[in-house]
Amino acid sequence: MSSLHAPRSFFQQPFTVGTLTVPNRVLLAPLAGVSDVPFRRIAQELGAGLTFVEMLSAVGIEHRNPRTLDMCRRHPAEARLGVQLTGPTAQRVADAVQFMDALPFDLVDLNMGCSVRKVVAGGSGSAILSTPERITETVQAARGATHRPLAVKTRLGATRRHLTIEDTARRVAVAGADLFTIHGRTRNEKYGQPVDYDGIAKGVAAARAAATRPLITVGNGDIFDGADAARMRAATDCDAVMVSRGALGNPWVFRSILEQRPVAPTISEWRDVVLRHLDYQEMHYGDTRVAAITARKHLLWYIKGFPHHKPLGDVLGRVERIAAAREFIEDYVAQWPSDLRRFSGAQQGGARFAVNSKYDPKFDMNRIHDRGAGNDTEG
Ligand SMILES: Cc1cc2nc3c(=O)[nH]c(=O)nc-3n(C[C@H](O)[C@H](O)[C@H](O)COP(=O)(O)O)c2cc1C
């Protein structure tokens, strides 16, 4: 995309992917156990141009697994929504894509990057990287199963000694994908390994060179604020960026990227968003224990960056009802001046304080009530 644009105007530019117009170039990743309706609504309200349902298993869809189907719900307020699928064979993925065609999704993404052992052992996620022909077959079969925009999300390869991103990129582009996201790590790399911009750049260039139709490239990895997004774009020449851990507890990251400045909400702005998230949580899951339990991880992420949040975390981490969470939040907020800013103090303006680049959120997450592919997924 045009390098004539300064970063700010670049991220605010709309793009089209197949029949879908996305109003800006900042996407929220599919996030297992996290990117449910309530969080997606909040992310979109704060600027995310496109959001995704977390990875769903084609096998779960084949068996009409009620938990998988439940995750296909879309709220009318969700203006644009993608869904992500993975499966052990091209045919099974294509069948799931066809099933999705009857549902109100704007785009279907194929996961070719998930490194969770159980998922890979079942032949899904990044397992496909070991059999490159399967990449071509899967994208072709999915392409034949839908007229909707088709996307692929992958990693740089299986290991550092076996970087296959250029081959993957060519296969994905030639087989007819409309959008291609590259997470700049290999299958066996953890978050302690910084994202490899050069690897992403190679994938972006290879995909562009091979594409026979318009293809949007997306850079993913270690984006926690506007500066990180600008760096990703400058170093890789990607068309858009996708935020993952950087959005956990910090949906303001979308504004920071779009406006290219640090965004640290005041405690009163923060309160409004957190309480609205809880309202959406209750609307979606009902006034239930599950609503409270699935909110816990978000609440523990949200409270980072304010003073003396630990005692609040102790109670929110055990909360059993949304109403109780609301009360704890209100009591906490009442102690502070309404213009207190998040991350004020030494770490001013930095969402890195909330989640740093080595941080693996799985360890914070109570997955007992999470639903989905294998119950324990992470792309
Ligand atoms: C809790 C969690 C759940 C994830 N779930 C998915 C998923 O369902 N599908 C997917 O493609 N990637 C998933 N990922 C991977 C992220 O989308 C992203 O590729 C990765 O975290 C790198 O970006 P980051 O360094 O900005 O976090 C998940 C990551 C986390 C932390």
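The values are calculated or read from the model by the stated rules, or taken from the named source; none is laboratory data. All values derive from a computational prediction rather than experimental measurement. With ideal geometry, Cβ positions are generated from the backbone for all residues, glycine too; neighbour counts draw on all protein chains shown.
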Condition met for Val97 (within 30 Å of Arg160 (Cα to Cα), assigned by TED's automatic domain parsing to the domain that holds Ile61, out of contact with any Leu (no Cβ under 6 Å at 6 or more places or on another chain) and of a type in the set (A, V, I, L, M)): no
Residues (in contact with a Pro (Cβ under 8 Å, 6 or more places away or on another chain) and within 13 Å of the ligand (Cβ to nearest atom)) located in region 49-64: Phe52, Val53, Glu54, Met55
Elements of type strands (runs of 3 or more DSSP E) contained in region 1-117, each with 2 or more residues being of a type in the set (S, T, N, Q): 51-57, 81-86
Among the candidates Gly221, Gly199, Gly176, residue that is surrounded by 24 or more Cβ atoms within 10 Å (Cβ to Cβ) and either away from the ligand (no atom under 13 Å from the Cβ) or within 15 Å of Cys238 (Cα to Cα) (or both): Gly221
Failed condition for Glu330, given (1) at pLDDT 95 or above; (2) farther than 28 Å from Arg261 by Cα; (3) within 16 Å of the ligand (Cβ to nearest atom): (3)
Residue within region 302-318 that is in contact (Cβ under 8 Å) with a residue 40 or more places away in the chain, closer than 17 Å to Val37 by Cα, surrounded by 19 or more Cβ atoms within 10 Å (Cβ to Cβ) and not hydroxyl-bearing (Ser, Thr, Tyr) present: no
Residue that is within 16 Å of the ligand (Cβ to nearest atom) and surrounded by fewer than 21 Cβ atoms within 10 Å (Cβ to Cβ), where the choices are Arg213, Arg231: Arg231
Members of region 80-118 found to be of a type in the set (Asp, Glu) and within 16 Å of the ligand (Cβ to nearest atom), listed by number: Asp109
Region 280-327: number of residues that are of a type in the set (Asp, Glu) and in a helix (DSSP H, G or I): 3
